[in-house]
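What follows is a single structure, written as structure tokens, with notes after it.
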Amino acid sequence: MTGHEAGFGGGCHWCTEAVFRSLCGVQTVRQGFIASDPPQDSYSEAVVVTWDPDEITLEDLIAVHLATHASTSAHKMRGKYRSAVYAQSDAIADEARQILARLEDEAGQSFVTAVLPFRTFKASDPRFHDYYSRNRQGPFCESYIEPKLALLRKRFARLQKAELLNG
């Protein structure tokens with residue numbers, strides 16, 4: 001089956017890439033910058049994720065995304081780290097909006113995460129691709145990425161690739 005595709009932004013693309021790469025059913029993760037329509041037409045750090053909907057749902061992907069970045073905070077770095085699901089079709093956008101509304105109701109809180117049209121993607125410098133797997137013991141990975149992956153192992157274990165469950 002051909003995968004579905006959407007963009008996710010909210011935090012550092014090194015972190016976001018590592019989070020999505022750890023999930024079963026995720027086929028590819030491209031790290032870089034995504035721009036949408038005005039006023040969100042400036043590039044913001046993000047990843048493009050391709051997934052197999054028979055193995056992982058858009059709802060699972062969004063739930064993981066919300067749990068692994070400051071999805072309830074309109075902090076001052078939102079220009080660089082726009083909290084968004086970038087939809088490449090109206091169907092994905094509609095589904096993502098419904099999922100976000102349902103997850104907000106379940107959580108009893110509002111998310112700053114927007115559903116935006118996916119317009120353009122610019123890949124990050126190749127030396128930063130797959131940053132976590134190449135720099136696991138580095139201070140950035142230990143301070144920022146590993147805590148997100150630990151949260152996933154605890155809260156979303158059923159979605160983790162088997163080789164990553166034990167850290």
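Structure notes:
- Test result for residue 130, within 22 Å of residue 51 (Cβ to Cβ) and not hydrophobic (A, V, I, L, M, F, W, C): yes
- Some residue of the range 124-140 being in a loop (DSSP other than H, G, I, E, B) and either in contact with a Leu (Cβ under 6 Å, 6 or more places away or on another chain) or closer than 11 Å to residue 22 by Cβ (or both): no
- The single residue among 130, 125 that is over 18 Å from the mean Cα position of the chain (by Cα), under 23 Å from residue 33 (Cα atoms) and acidic (Asp, Glu) turns out to be 125.
- A single member of 160, 137 is out of contact with any His (no Cβ under 8 Å at 6 or more places or on another chain), of a type outside the set (Phe, Trp, Tyr) and within 22 Å of residue 60 (Cβ to Cβ), and it is 160.
- Any hit, the range 115-135, residues being crowded, with 16+ Cβ neighbours inside 10 Å and among the β-branched types (Val, Ile, Thr): yes
- Residue within the range 46-68 that is surrounded by fewer than 19 Cβ atoms within 10 Å (Cβ to Cβ) and without any contact (Cβ under 8 Å) to a residue 24 or more places away in the chain present: yes
Read the figures in this text as sums done on the coordinates, not as results from a lab. Given the structure is predicted, the values throughout are model-derived calculations rather than measurements. All Cβ positions, even for glycine, are placed from backbone atoms using ideal geometry, and neighbour counts span all protein chains on display.
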